[in-house]
Amino acid sequence: MDWGKGILLTIIAFVGFILTLVVISVRQDDIHLVTENYYEQEIKYQEHIEREKSAAALDREVLVFDLASKSMILDLPVGAKGSLQLFRPSDARLDQILPLDITAEGKTTIPLEKLKSGYWRVQLTWTENGVDFYEESKITL
């Protein structure tokens with residue numbers, strides 16, 4: 001075998017390898033975006049910042065994770081409405097959105113023991129006395 005055939009075989013092997021990678025990447029259907037409508041959310045980002053500032057100005061800790069009982073404890077007043085989003089960055093199929101409507105005094109406990117182990121982002125959005133709030137917590141189950 002001479003140099004010409006060796007170089008030609010190397011180029012053919014390289015092209016074959018690259019084509020294999022292209023075919024694998026095109027057939028992949030398990031790609032998860034953080035959100036489907038991220039352009040809309042970017043436009044409304046200033047509203048999100050205002051919600052975070054409102055939550056930071058509160059004199060209480062609203063979103064607390066209790067590792068012992070694997071639950072989220074929410075300190076919201078009666079009449080508060082919102083949603084609790086359980087966001088799994090590694091797999092969008094595990095994401096959940098729980099609607100909240102606080103009707104009882106005291107702290108509200110939301111059990112999380114049925115969730116798959118791993119890293120989660122818990123995002124709480126709520127309205128209280130006509131003011132919108134947002135708080136986020138990162139937890140590991």
Residues GLN46, GLN85, GLN41, GLN96: which one is within 29 Å of THR127 (Cα to Cα) and open to solvent by less than 70 Å² (accessible area, probe 1.4 Å)? GLN85
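Scan SER137, SER71 and give me the residue that is open to solvent by less than 30 Å² (accessible area, probe 1.4 Å) and under 19 Å from HIS48 (Cβ atoms).
Working: SER71 fails: under 19 Å from HIS48 (Cβ atoms).
Just a single option satisfies the conditions, and that option is SER137.
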I'm told ILE73 meets every condition in (1) touching a helix residue (DSSP H, G or I) at 6+ places or on another chain (Cβ under 8 Å); (2) at pLDDT 80 or above except one. Can you identify the failing condition by its number? (1)
Exactly one of these conditions fails for LEU84: (1) at pLDDT below 85; (2) in contact with a strand residue (DSSP E or B) (Cβ under 9 Å, 6 or more places away or on another chain). Give me its number. (1)
Just to be sure, is ARG51 of a type in the set (Lys, Arg), under 17 Å from ASN129 (Cβ atoms) and either open to solvent by less than 100 Å² (accessible area, probe 1.4 Å) or touching a Phe, Trp or Tyr at 6+ places or on another chain (Cβ under 8 Å) (or both)? yes
Within the range 117-129, identify whether any single residue is charged (D, E, K, R) and open to solvent by 70 Å² or more (accessible area, probe 1.4 Å), and answer yes or no. no
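The values are calculated or read from the model by the stated rules, or taken from the named source; none is laboratory data. Just so it is clear, the structure is predicted and the values come from calculations on it, not from any experiment. Ideal geometry is used to build each Cβ from the backbone, glycine not excepted, and the neighbour counts take in all protein chains shown. We work out accessible area using only protein heavy atoms, side chains counted, and drop any ligands, DNA or RNA first. Shrake-Rupley method; radii C 1.70, N 1.55, O 1.52, S 1.80 Å.
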